[in-house]
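Take a look at the structure below.
The values are calculated or read from the model by the stated rules, or taken from the named source; none is laboratory data. Not measured: the values here are computed from a predicted model. Glycine gets a Cβ as well: all are built from the backbone with ideal geometry, and neighbour counts include every protein chain shown. The accessibility values were calculated without ligands, DNA or RNA, using every heavy atom of the protein model including side chains. Shrake-Rupley method; radii C 1.70, N 1.55, O 1.52, S 1.80 Å.
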Amino acid sequence: MPFPLPPRMPSGPRRRTLLASAAGVALLTGCSGGPDGSGTTGGSPSAADRARARAARDSDGLVTRYDAVIAAHPGLAERLRPLRDAAVRHAEAFGGVPAPASPTATASGGTRNVSLKVPETERAALAELAAAERTLADRRAKALLGVPGELARLLASVAAAGAAHAYLLTEGDGKA
């Protein structure tokens, strides 16, 4: 009995090859940038500067929220301190310099001359922080599409960290 011939392969590139090539081109195009880090696929340098400044302010605002909750609910300090410290590092990465923690925050007042209302229960305070983290992560994920390569990568990284913080605040250890 003769061996059957293998099925004839269609000529031309295969579908997987085309998809991989298209993905590679998209990655190379999205990551290209000039020597100053301002890519040609993002916005103008002034748009990148505005996005960077806004991201720094947003992170600083998040630090303020953490400070207010820690002051209003000292029992949460140990749990929230690492997340607050990460928000400080994020502000610094975007070029901001957040103010140090204020020990004068109150449940009805705020920190750093910003009036923030903190929910009376720990659970509600954690839920509010998680919502703020989630909202900011979503905003940053949308913003990264309009900025050059390196800033887009930084925004993506910080957005992912914010999403993880939201998870840890609401579901991370079952306390919430």
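The figures follow:
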| item | result |
| --- | --- |
| Residue tally, condition out of contact with any helix residue (DSSP H, G or I) (no Cβ under 7 Å at 6 or more places or on another chain) and crowded, with 17+ Cβ neighbours inside 10 Å, over segment 121-141 | 1 |
| Some residue of segment 142-164 being open to solvent by less than 10 Å² (accessible area, probe 1.4 Å) and farther than 21 Å from residue 51 by Cβ | no |
| Count of segment 59-69 residues which are in contact with a helix residue (DSSP H, G or I) (Cβ under 6 Å, 6 or more places away or on another chain), of a type outside the set (D, E, K, R) and either surrounded by fewer than 23 Cβ atoms within 10 Å (Cβ to Cβ) or farther than 12 Å from residue 116 by Cβ (or both) | 1 |
| Residue that is modelled with the lowest pLDDT [pool: residues in segment 113-141 that are closer than 20 Å to residue 53 by Cβ and over 13 Å from the mean Cα position of the chain (by Cα)] | 113 |
